[in-house]
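Heads up, the thing below is written out as structure tokens.
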Amino acid sequence: MKQLGLLTLCIAGFISCSQQPIIPSDAELMGLGITPLPSSQPFPNLEFTDEDGLTRQLEEFQGNIVLLNFWATWCPPCRAEIPDLVHLNSRLERQDFALIALNVEEDPSLVKEFSEEFQVTFPVYYDLDGSASRLVGIPGLPTTLVIDRDGVARGVVSGALDWGSPEMVAMLKAWSR
């Protein structure tokens, strides 16, 4: 009986250890096309609007791995990566992961039409006056930041990326357990 209890304890310990998040190294991020950022300071607490017109803040998502994607419907690379973001989000919806697709300075009715056309299944947020994108100083669209559970930006991508690749999904899934 004692042996069975010890075996159960060992298995439970192994399972809990194997469920710990795996934080990617700078080399792993670079291998996926993400430029690592050296800062250990919390990312600014941006304000933006949700689909219901309510003001939201980035700090509400702390505790999750956040993909903060600045985009617009008129931007060809943004349009190209939307299906990848849909795929990624569907693969990580049960993880501690948040995709904040932050549309920059477009009319919400236009964005809603776009979202229906592209079968966007994640919430879309709005930087209606461009203040969030100016505060961050994004170089162009799309720009995506990877923010850790503590609210620290760990990487940035300027331009489109294959967010739905098996390697990207695996990395973000391991990090957001």
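The values are calculated or read from the model by the stated rules, or taken from the named source; none is laboratory data. Remember, predicted model here, so these are calculated numbers, not experimental data. Virtual Cβ from ideal backbone geometry, glycine too; neighbours counted across all protein chains shown.
Can you tell me how many residues in segment 58-79 are closer than 15 Å to V111 by Cα and not charged (D, E, K, R)?
Within segment 58-79, residues that are closer than 15 Å to V111 by Cα and not charged (D, E, K, R) number 9.
Identify all residues within segment 167-177 that are buried (at least 18 other Cβ atoms within 10 Å of the Cβ) and in a loop (DSSP other than H, G, I, E, B); write none if there are none.
Residue satisfying the conditions is S176 alone.
How many residues does segment 125-141 hold that are surrounded by 19 or more Cβ atoms within 10 Å (Cβ to Cβ) and either charged (D, E, K, R) or out of contact with any Phe, Trp or Tyr (no Cβ under 8 Å at 6 or more places or on another chain) (or both)?
Residues flagged as surrounded by 19 or more Cβ atoms within 10 Å (Cβ to Cβ) and either charged (D, E, K, R) or out of contact with any Phe, Trp or Tyr (no Cβ under 8 Å at 6 or more places or on another chain) (or both) within segment 125-141 amount to 1.
Identify the single condition in (1) outside any helix (DSSP H, G or I); (2) crowded, with 17+ Cβ neighbours inside 10 Å; (3) touching a residue at least 60 places away in the same chain (Cβ under 8 Å) that V120 does not satisfy, given that it satisfies every other one.
(3) is the only condition that V120 fails.
Kindly provide the set of residues from segment 62-85 that are free of Cβ contacts under 8 Å to residues at least 40 places away in the same chain and surrounded by 17 or more Cβ atoms within 10 Å (Cβ to Cβ), ordered by number.
Hits for segment 62-85 are R79, I82.
Please go through segment 45-59 and give me each residue that is acidic (D, E) and loosely packed, with under 12 Cβ neighbours inside 10 Å, ordered by number.
Within segment 45-59, D52 is the sole residue that qualifies.
With respect to the numbered conditions (1) surrounded by 12 or more Cβ atoms within 10 Å (Cβ to Cβ); (2) of a type outside the set (A, V, I, L, M); (3) out of contact with any Lys or Arg (no Cβ under 8 Å at 6 or more places or on another chain); (4) modelled with pLDDT of 95 or more, which one is the sole condition not fulfilled by P42?
Just one mismatch for P42, condition (4).
Hey, could you check segment 133-166 for residues that are part of a helix (DSSP H, G or I) and of a type in the set (A, V, I, L, M, F, W, C) and say which is nearest to Q41 (Cα to Cα)?
V136
For segment 110-132, give me each residue that is of a type in the set (S, T, Y) and closer than 16 Å to E47 by Cβ.
Y125, Y126, S131
Which one of these is polar (S, T, N, Q) and free of Cβ contacts under 8 Å to residues at least 24 places away in the same chain: S40, S90, S109?
Every option except S109 fails the conditions.
Can you name the strands (runs of 3 or more DSSP E) wholly within segment 26-75 that have at least 3 residues being among the aliphatic types (A, V, I, L, M)?
Of the strands (runs of 3 or more DSSP E) lying wholly inside segment 26-75, those with at least 3 residues that are among the aliphatic types (A, V, I, L, M) span 65-71.
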